[in-house]
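What follows is a short report on a single structure.
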Amino acid sequence: MPDTTLDHLGAPKGGWLGALKRQWLLYHLGDPRYRFMWDPAPPQEWVSIDCETTGLDRRRDEIIAIGAVRIHGNRILTSERLELLVRPDKRRVSADSVRVHQLREQDLAAAMSIDEALPRLLHFIGSRPLVGYFLEFDVAMIDRALFPMLGMGLPQPRIEVSALYYEFKDRQRPPLERGRDVDLRFATMMRELGLPLRDAHDAVNDAIMAALAFVKLRNLR
């Protein structure tokens, strides 16, 4: 299962090793204007993110939409959401991916470049921990695009909603039945948590649903 041990809800681990790593990363940061990402995170704040892509190949496919929404305590600040369409540089939008997210090449012709989108995303996130559903893929796609700009990927702690959900379901089992598989599909998770299911494979909708699940699971802990 994905790691959720970052204070379990996103606070970065402290200690001298953490401070040493922070200094090393800041020294090697490709653009000092983004030092703010290593600042202390605002208390009780997170950012839920989601990306839509031209496909599922982390090495070759590209981001075509980014959705993000801020969370403050138990509030999801939908009025402060970020919604970006991104024009792919090299990869064509496959028919399979269009069927998933309904974004065609003509829909993206006038969209911003990834180089324009990334600064907006970084300023929106700030130093807040990241929340998401199968977040590893989204962060990998962002990091690949970000590396030429910063020489490194996103430094923020990450909270995997599907892992929190797995732990929640596993705790409900008798001790001898713990550790077994759990249905981690998005629709199943939202239904089991009694949360509304918005249109999936829309970056903002997926970010909001992940935020809803995070807030609910955080309170259930």
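Figures for the structure shown
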{"item": "Percent RCO, i.e. relative contact order, over the chain, from Cα pairs under 8 Å lying at least 6 residues apart", "result": "27 percent"}
{"item": "Amide H contacts of M112 (H built 1.01 Å from N, under 5 Å, at least 5 apart or other chain)", "result": "L85, R87"}
{"item": "Cβ charges +1 (Lys, Arg) and -1 (Asp, Glu), total dipole of the stretch 43-83, debye", "result": "120 debye"}
{"item": "Expected 222 nm ellipticity per residue - DSSP helices of 4 or more, -39500 (n - 2.57), all of the chain, to 500", "result": "-12000 deg cm²/dmol"}
{"item": "Net +/- balance of residues flanking Y27 in space, Cβ distance below 12 Å, scoring K and R +1, D and E -1", "result": "+3"}
{"item": "Order of H101, H72 under a 10 Å beta carbon neighbour criterion, fewest first", "result": "H72, H101"}
{"item": "Longest to shortest principal axis, alpha-carbon extents of the chain, angstrom", "result": "52, 47, 32"}
{"item": "Antiparallel content of DSSP bridges confined to the chain, in %, to 5", "result": "75 percent"}
{"item": "Ascending count of other beta-carbon atoms within 10 Å, so fewest first, for S79, S97, S48", "result": "S79, S97, S48"}
{"item": "Cβ-defined net charge surrounding A200, 13 Å radius [Lys, Arg +1; Asp, Glu -1]", "result": "-1"}
{"item": "For the stretch 112-132 and the stretch 169-194, distance of Cα centres in Å", "result": "32 Å"}
{"item": "Footprinting exposure proxy for V98, V204, V131 (fewest neighbouring C-beta atoms within 10 Å first)", "result": "V98, V204, V131"}
{"item": "Debye, to nearest 20: dipole size of the chain, +1 on Lys, Arg Cβ, -1 on Asp, Glu Cβ", "result": "480 debye"}
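Readers should treat all values here as calculations from the given coordinates under stated rules, not as data from a laboratory. Predicted, not measured: the structure shown is a model, and the values here were computed from it. For neighbour counting, all protein chains shown are included, and Cβ atoms are generated from backbone atoms with ideal geometry for every residue, glycine included.
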